[in-house]
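Notes follow once the structure below has been shown.
Just so you know, all these numbers are worked out from the coordinates, no wet-lab data involved. Being a predicted model, the structure only gives us computed values, none of them experimental. So basically every Cβ, Gly included, is an ideal-geometry build from the backbone, and we count neighbours across all protein chains shown.
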Amino acid sequence: MRSNKPLCLKVGQETKIIDYVVSQQEVLQAFEKICENSVYSYRRQICDGYITIRGGHRVGIVGSAVIDNEQIININYISSLNFRIARQKIGCSNKVIEDIINIKENSIHNTLIISPPGCGKTTLLRDIIRNISNGINVLGFAGKTVGVVDERGEIAAMYKGIPQNDIGLRTDVIDNIPKAAGMRRLVRSMCPDVIACDEIGSLEDVEAIDYAMCSGVKGIFTAHGKDIEELNQNPEISKLLNKHIFGRIILLNPKKRGDAECIYLNAFC
């Protein structure tokens, strides 16, 4: 929804232009509804540029940003809303889950999922979490306690404390918090066997992963990248690769969403 522009509907790679011009008043009315007529209570999410609503759907928000001390403290004059319809794909990790779990030790291999944006990293990560948390009887794998740092609310899609996606029965979620801070808090407070989070890449993320791994916790993470060579160009993630932190790397095919190939990384080290 864009003020004074036709309504647009994007399905896959196709965009349909609807013969209806959205007024600025309609954008503001929709914004107030997704905030449940309490804009102040959603201020943190608004400053992050999105709001998660019931069902795990997300609404992106843009307008005139209010800056204080180089931080966004509010968004005024809302001009566009982007409704992203969430869809969970149960079972999409079945192709790679046997590569990730360690049956002999009833544990998992530290795993990194990589691909360019829009290829299904988060969708795959979510289903891996569900499988590890629930356990896989046919493989003799007992469920593990999983701590999820859901900085942007895309994995569990928490809505008023309730996950809108199926992330397993032994999963604890901390959301709306920077990944590094969330990982440290989970290790200290929830005793996870496995930590999972989306789109690592900063120095703070790497230091927190180091901390978790040294605490005996396994990890599953995602990162943007085309291949291992491109990952090595990231000065922070390359530190983890050089330390042989990851036993597995999962590459997603950018031409076929969800198509995954698992690499036994130790073979390259």
Quiz item: Residue-wise, which Karplus ³J(HN,Hα) couplings in Hz belong to the range 223-229, taking 6.51 cos²θ - 1.76 cosθ + 1.60, θ = phi - 60°, and x for glycine or proline?
Solution: 7, 7, x, 8, 7, 5, 4
Quiz item: For the range 1-113, what's the relative contact order in percent, using C-alpha pairs closer than 8 Å and at least 6 residues apart?
Solution: 18
Exercise. Report the relative contact order of the chain, percent, no decimals, based on alpha-carbon pairs under 8 angstrom and at least 6 residues apart.
Key: 16
Quiz item: How much net charge surrounds Thr52 when only other residues with a Cβ under 13 Å from its Cβ are counted (Lys, Arg +1; Asp, Glu -1)?
Solution: 0
Practice problem: Using only the Cα atoms of the chain, construct the convex hull and provide its projected area averaged over every direction, in square nanometres to one decimal. | Solution: 15.5
Exercise. Calculate the dipole size of the chain relative to its Cα centre from +1 charges on Lys and Arg beta carbons and -1 charges on Asp and Glu beta carbons; express the result in debye to the nearest 20.
Key: 600
Quiz item: Where the only charges are on Cβ atoms (+1 Lys, Arg; -1 Asp, Glu), what is the dipole of the range 5-84 about its Cα centre, to the nearest 20 debye?
Solution: 260
Self-check item: Net lengthening on full extension, Ser80/Val62 (0.36 nm per residue, minus Cα-Cα)
Solution: 5.9 nm
Exercise. Report, in whole Å, the centroid distance computed from the Cα atoms of the range 163-221 and the range 81-104.
Key: 17
Quiz prompt | Sum of -39500 (n - 2.57) over DSSP H runs of 4+, divided by residues of the chain (222 nm, nearest 500) | solution = -7000 deg cm²/dmol
Quiz item: Once the other residues with Cβ under 12 Å from the Cβ of Val217 are scored (Lys, Arg +1; Asp, Glu -1), what is the net sum?
Solution: +2
Exercise. Of the DSSP beta bridges with both residues in the range 110-261, give the percent that are antiparallel, rounding to the nearest 5.
Key: 20
Self-check item: Net charge of neighbours whose Cβ lies under 11 Å from the Cβ of Gly201, counting Lys and Arg as +1 and Asp and Glu as -1
Solution: -4
Exercise. Write down the Å³ per residue value for the convex hull defined by the alpha carbon atoms of the range 5-84.
Key: 107
Quiz item: For a paramagnetic label modelled at 7 Å from the Cα of Lys16 toward its Cβ, which residues of the range 71-108 fall within the zone defined by backbone nitrogen distances under 19 Å?
Solution: 82-87
Quiz item: Residue by residue, what Karplus-based ³J(HN,Hα) values in Hz, rounded to whole numbers, does the range 96-108 have, using 6.51, -1.76 and 1.60 with θ = phi - 60° and x for Gly and Pro?
Solution: 10, 4, 5, 6, 8, 7, 10, 4, 4, 9, 6, 9, 10
Self-check item: FRET efficiency, 1/(1 + (r/R0)^6) with R0 30 Å, evaluated for His244 and Tyr159 via beta carbons
Solution: 0.15
Quiz item: Residue farthest toward the positive end of the dipole of the range 1-147, with Cβ of Lys/Arg at +1 and Asp/Glu at -1: which of Gly56, Cys119, Ile100?
Solution: Ile100
Quiz item: If you look at just the Cα atoms of the range 105-211, how large are its Rg and its Dmax in Å?
Solution: 13.3, 39
Self-check item: Linear extension gain, Val39 paired with Lys5, 0.36 nm per residue minus alpha-carbon span
Solution: 9.8 nm
Practice problem: Treating only the Cβ atoms of Lys and Arg (+1) and Asp and Glu (-1) as charged, compute the dipole magnitude of the range 35-137 about its Cα centre; round to the nearest 20 debye. | Solution: 360
Quiz item: Stretched out fully, how many nm does the piece from Asp172 to Glu105 gain, at 0.36 nm a residue minus the Cα gap?
Solution: 21.9 nm
Practice problem: Give me the percent of DSSP beta bridges within the chain that run antiparallel, rounded to the nearest 5. | Solution: 60
Quiz prompt | Cross-link pairs beyond the 19 Å C-alpha cut-off, checked among Lys95/Lys121; Lys179/Lys218; Lys144/Lys226; Lys33/Lys160 | solution = Lys144/Lys226
